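The block underneath contains the structure these notes are about, expressed in structure tokens.
The values are calculated or read from the model by the stated rules, or taken from the named source; none is laboratory data. Just so it is clear, the model here is predicted, and its values are computed rather than measured. With ideal geometry, Cβ positions are generated from the backbone for all residues, glycine too; neighbour counts draw on all protein chains shown. The protein model used for the area step is the full one, side chains on, heavy atoms only, and it has no ligands, DNA or RNA in it. Shrake-Rupley method; radii C 1.70, N 1.55, O 1.52, S 1.80 Å.
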Amino acid sequence: MANSATLAAEPEPIALDWAATALLIIDMQRDFMEPGGFGETLGNDVSQLARAVKPIAAVLDAARKTGMLVVHTREGHMPDLSDAPPAKLERGAPSLRIGDPGPMGRILIRGEAGHDIIPELYPLDSEIVIDKPGKGAFYATELGDVLQRYGVENLLVCGVTTEVCVNTTVREANDRGYRCVVLADGCASYFPEFHEMGLKMIKAQGGIFGWVSDSAAVLAALSPTAAAGGLR
């Protein structure tokens, strides 16, 4: 069974054991992706993030067919905001702040419609969803325990935004010994130049934080595993 492959990536190809690899999809939530959510309250053009949806959907479908572990994350806070530090709540001058009522419920609050993941990438009941209060997916979450329990060593990382939650999570993962491959077309930013620089930071200096690849390379590398009937 084809359970490993060499993935085309920068700064160099990387050999991956698919059985020790997880797909980590960062914060593809309505509050960031759709009009009326937190991203728009900050003055951003949320349509900039739409370009990542189809590439992520393609890789997600392939991961499901092969039986790869899939983990989704959602940034948001408890209804009483007890896990939201004042420095985060008070920052900047958005049109609506975290916790304020918006078109999709209270902004960036767990359980509200805006906090949930967009329909195109909605998790299966069997997939893991990590709710996080910060930018990084490891901070104040059970993600580390989950990955350890499943024997994960490698992470295929995608989601939004490239320079904030994706970059922060990759740096956290790198410090914990995970090998991270970021999918360039499966990430996006409200600022295209930040997307470009965020990817350059990850792969610089021989891959100081990880590798950068794309959805086509992942699909090509996964296809023999899918043809062999998956990982299990």
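Go through segment 73-95 and count every residue that is free of Cβ contacts under 8 Å to residues at least 60 places away in the same chain and either part of a strand (DSSP E or B) or open to solvent by less than 50 Å² (accessible area, probe 1.4 Å) (or both). I'd like the intermediate steps shown before the answer.
Residues of segment 73-95 free of Cβ contacts under 8 Å to residues at least 60 places away in the same chain: 74, 76-95.
Within this subset, residues satisfying the condition of being either part of a strand (DSSP E or B) or open to solvent by less than 50 Å² (accessible area, probe 1.4 Å) (or both) are 74, 76-77, 81, 83-84, 88-89, 94.
Result for segment 73-95: 9.
Quick one: is Met201 part of a helix (DSSP H, G or I), surrounded by fewer than 24 Cβ atoms within 10 Å (Cβ to Cβ), out of contact with any Phe, Trp or Tyr (no Cβ under 8 Å at 6 or more places or on another chain) and not polar (S, T, N, Q)? First the steps, then the outcome.
Values: part of a helix (DSSP H, G or I): yes; surrounded by fewer than 24 Cβ atoms within 10 Å (Cβ to Cβ): yes; out of contact with any Phe, Trp or Tyr (no Cβ under 8 Å at 6 or more places or on another chain): no; not polar (S, T, N, Q): yes.
Here the answer is no, as Met201 does not meet what is asked.
Every residue in segment 117-138 that is in a loop (DSSP other than H, G, I, E, B) and either at positive phi or open to solvent by less than 40 Å² (accessible area, probe 1.4 Å) (or both), please.
Just the residues of segment 117-138 that are in a loop (DSSP other than H, G, I, E, B), to begin with: 118, 122-127, 133-138.
Matches in segment 117-138: Ile118, Pro123, Glu127, Pro133, Gly134, Gly136, Ala137, Phe138.
Do you know which residues across segment 38-52 are at pLDDT 95 or above, more than 11 Å from the chain's Cα centre (by Cα) and open to solvent by less than 20 Å² (accessible area, probe 1.4 Å)?
Gly39, Val46, Leu49
Which one of the conditions (1) of a type outside the set (Lys, Arg); (2) assigned to a strand (DSSP E or B); (3) surrounded by 22 or more Cβ atoms within 10 Å (Cβ to Cβ) does Val70 fail to meet, given that it meets all the rest?
Here Val70 meets the rest and fails (3).
If I filter segment 204-219 down to residues being under 24 Å from Phe32 (Cβ atoms) and not charged (D, E, K, R), which single residue comes out as surrounded by the most Cβ atoms within 10 Å (Cβ to Cβ)? Break it down into steps so the answer makes sense when it comes.
Start the filter on segment 204-219 by keeping residues that are under 24 Å from Phe32 (Cβ atoms), which leaves 209-210, 212-215, 218.
This time we only want the ones that are not charged (D, E, K, R), so: 209-210, 212-213, 215, 218.
Details: Phe209: 19, Gly210: 25, Val212: 23, Ser213: 23, Ser215: 22, Val218: 27.
Per the criteria, the residue is Val218.
Here are some conditions: (1) part of a loop (DSSP other than H, G, I, E, B); (2) at pLDDT 95 or above; (3) open to solvent by 70 Å² or more (accessible area, probe 1.4 Å). Lys65 meets all but one. Which one does it not meet?
(1)
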